[in-house]
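Contents: one structure, followed by commentary.
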Amino acid sequence: MKQGKSTHLILGGARSGKSSFAETQAITISESQQRQLHYIATAISFDEEMEARIRHHQQRRDHRWQEHEVPLELAQHLRSVSASDVVLIDCLTLWLNNVIYQLGEKATNEQIEASIQELVSAVEASPASIILVSNEVGLGVVPMGQVSRLFVDNAGRMNQALAKVVKQVTFIAAGLPMVLKNEG
């Protein structure tokens with residue numbers, strides 16, 4: 001198979017199967033094109049439950065993966081990968097949460113949108129094949145609380161911005177993929 005850049009945004013709810021679907025996609029590209037697998041994890045372990053989630057994800061991955069923990073500096077990290085890499089980023093909504101947390105209580109949409117745009121530009125500029133995993137959080141009720149609404153609104157904006165620039169978008173529900181965009 002010809003080696004080329006692919007970009008794929010995988011959306012879904014919590015426990016929808018999006019991470020395992022993304023890992024399968026990355027492995028398929030890596031094996032068919034003899035490319036190096038990179039797993040960029042954005043989670044920060046704040047409690048025992050999150051530690052268990054992180055361990056669960058780590059246990060699914062074998063020796064083929066080079067793992068990177070990048071809770072904030074995604075755009076900068078993407079500048080260090082090459083055309084011979086397949087990069088899976090899991091999960092963008094955790095990254096967005098980290099960005100908002102770092103900005104603090106006075107975080108503004110403009111600050112968050114600047115971080116999102118920096119990420120979108122890095123994805124566009126990167127020569128690597130990139131698979132992005134993100135939660136679709138806008139399907140429920142509007143959350144109470146300013147910071148919760150700030151997060152949900154910006155998660156929606158982030159997913160829309162990335163969906164515009166990637167070649168593929170897949171929505172996962174109950175472990176089943178639904179193709180929303182496929183520009184090869």
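Okay, here's what the table says:
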read-out: Hey, residue 14 buried (at least 16 other Cβ atoms within 10 Å of the Cβ), closer than 16 Å to residue 97 by Cβ and either at pLDDT below 95 or of a type in the set (Gly, Ala, Ser) (or both) or not; value: no
read-out: Qualifying positions in the stretch 44-78 - open to solvent by 80 Å² or more (accessible area, probe 1.4 Å) and either part of a loop (DSSP other than H, G, I, E, B) or hydroxyl-bearing (Ser, Thr, Tyr) (or both); value: 46, 63, 64, 73
read-out: Scope the stretch 20-43; condition closer than 11 Å to residue 91 by Cα and surrounded by fewer than 20 Cβ atoms within 10 Å (Cβ to Cβ); matching residues; value: 43
read-out: Residue that is modelled with the highest pLDDT, among those in the stretch 116-150 that are assigned to a helix (DSSP H, G or I), farther than 23 Å from residue 36 by Cα and out of contact with any helix residue (DSSP H, G or I) (no Cβ under 6 Å at 6 or more places or on another chain); value: 117
read-out: Boolean, residue 78 is within 19 Å of residue 154 (Cα to Cα) and hydrophobic (A, V, I, L, M, F, W, C); value: no
read-out: Residue list for the stretch 5-34, filter: small (Gly, Ala, Ser) and either without any contact (Cβ under 8 Å) to a residue 12 or more places away in the chain or assigned to a helix (DSSP H, G or I) (or both); value: 19, 20, 22, 26, 30, 32
read-out: Every pair of residues 6+ apart whose Cβ atoms lie under 7 Å, when the first sits in the stretch 122-146 and is free of Cβ contacts under 8 Å to residues at least 40 places away in the same chain and within 21 Å of residue 108 (Cα to Cα) while the second is surrounded by fewer than 21 Cβ atoms within 10 Å (Cβ to Cβ) and not hydroxyl-bearing (Ser, Thr, Tyr); value: 138/152; 138/156; 142/149; 143/149; 143/152
read-out: Selection from the stretch 123-149 of residues that are within 17 Å of residue 93 (Cα to Cα) and of a type in the set (A, V, I, L, M); value: 123, 130, 131, 132, 133, 137, 139, 142, 147
read-out: Residue in the stretch 94-117 that is most open to solvent (accessible area, probe 1.4 Å), counting only those that are under 24 Å from residue 58 (Cα atoms) and in contact with a Phe, Trp or Tyr (Cβ under 8 Å, 6 or more places away or on another chain); value: 97
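The values are calculated or read from the model by the stated rules, or taken from the named source; none is laboratory data. Just so it is clear, the structure is predicted and the values come from calculations on it, not from any experiment. Neighbour counts run over all protein chains shown; Cβ positions are idealised from the backbone, glycine included. Accessible surface is based on the protein model in full, side chains and every heavy atom, while ligands, DNA and RNA are left aside. Shrake-Rupley method; radii C 1.70, N 1.55, O 1.52, S 1.80 Å.
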